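See structure below.
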Amino acid sequence: MPDTTTAAPAGRTRLVSGPGLLLVWLYGVMVVGAVSRSAYQISTEFDRAPLAYALSAAAALAYAFITYSLVRGGETARRAALVCCAAELAGVLAVGVWTLVRPDSFPDATVWSQFGMGYLFIPVILPITGMLWLRKKR
């Protein structure tokens with residue numbers, strides 16, 4: 001019986017191997033963290049910091065899409081994940097600068113505040129490593 005856990009679907013390049021497996025795992029952890037955080041904050045205290053909580057939800061969506069694309073595999077998924085990683089990095093950098101320049105705009109932190117400092121800077125490191133990996137898998 002063939003091992004279906006390592007086989008890529010017919011015609012698709014496997015993206016989840018070696019460092020790609022670590023990327024999927026880290027993005028999966030970030031999905032859980034960002035979804036949990038934003039769902040709780042939006043449902044209990046949205047009026048306190050709507051921008052921060054909406055940005056955390058947007059981060060969760062980006063992480064979920066990238067995770068799905070990496071697991072799916074194939075050239076189209078690779079390109080989609082690459083574009084989403086670039087958009088994620090742009091978001092992290094923009095929000096990171098914004099939270100340092102205008103901290104009063106964020107009464108509460110987002111996943112991307114201060115370049116992801118509350119998440120050990122993983123939000124700024126992850127898209128860079130993701131883009132490098134996805135370019136290598138081209």
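Some points to look at:
- Filtered residues of segment 18-41 (kept if open to solvent by 50 Å² or more (accessible area, probe 1.4 Å) and either out of contact with any Ser or Thr (no Cβ under 8 Å at 6 or more places or on another chain) or not in a helix (DSSP H, G or I) (or both)): Gly18, Leu21, Leu22, Trp25, Val29, Val32, Val35, Ser36, Ala39, Tyr40
- Screening the candidates Ala87, Ala59 for the property of being modelled with pLDDT under 95 and either small (Gly, Ala, Ser) or outside any helix (DSSP H, G or I) (or both) yields one hit, Ala59.
- Listed by first and then second residue, the pairs with beta-carbon distance under 7 Å, at least 6 apart or on different chains, first residue in segment 13-35 and within 13 Å of Thr129 (Cβ to Cβ) and of a type in the set (Val, Ile, Thr), second part of a helix (DSSP H, G or I) and open to solvent by 60 Å² or more (accessible area, probe 1.4 Å), are Val24/Val71.
- From the list Ala62, Ala77, the lone residue that is in contact with a Ser or Thr (Cβ under 8 Å, 6 or more places away or on another chain), open to solvent by less than 40 Å² (accessible area, probe 1.4 Å) and either more than 19 Å from Ser38 (Cβ to Cβ) or not β-branched (Val, Ile, Thr) (or both) is Ala77.
- Selection status of Val95, touching a Ser or Thr at 6+ places or on another chain (Cβ under 9 Å), modelled with pLDDT under 90 and buried (at least 22 other Cβ atoms within 10 Å of the Cβ): no
The values are calculated or read from the model by the stated rules, or taken from the named source; none is laboratory data. This one's a predicted model, so the numbers in the text were calculated from it and none came from an experiment. A quick note on method: Cβ atoms are made from the backbone with ideal geometry, for glycine too, and the neighbour counts reach across all protein chains shown. Ligands, DNA and RNA are stripped out before the accessible areas are found, and what is left, the full protein with its side chains, is counted by its heavy atoms. Shrake-Rupley method; radii C 1.70, N 1.55, O 1.52, S 1.80 Å.
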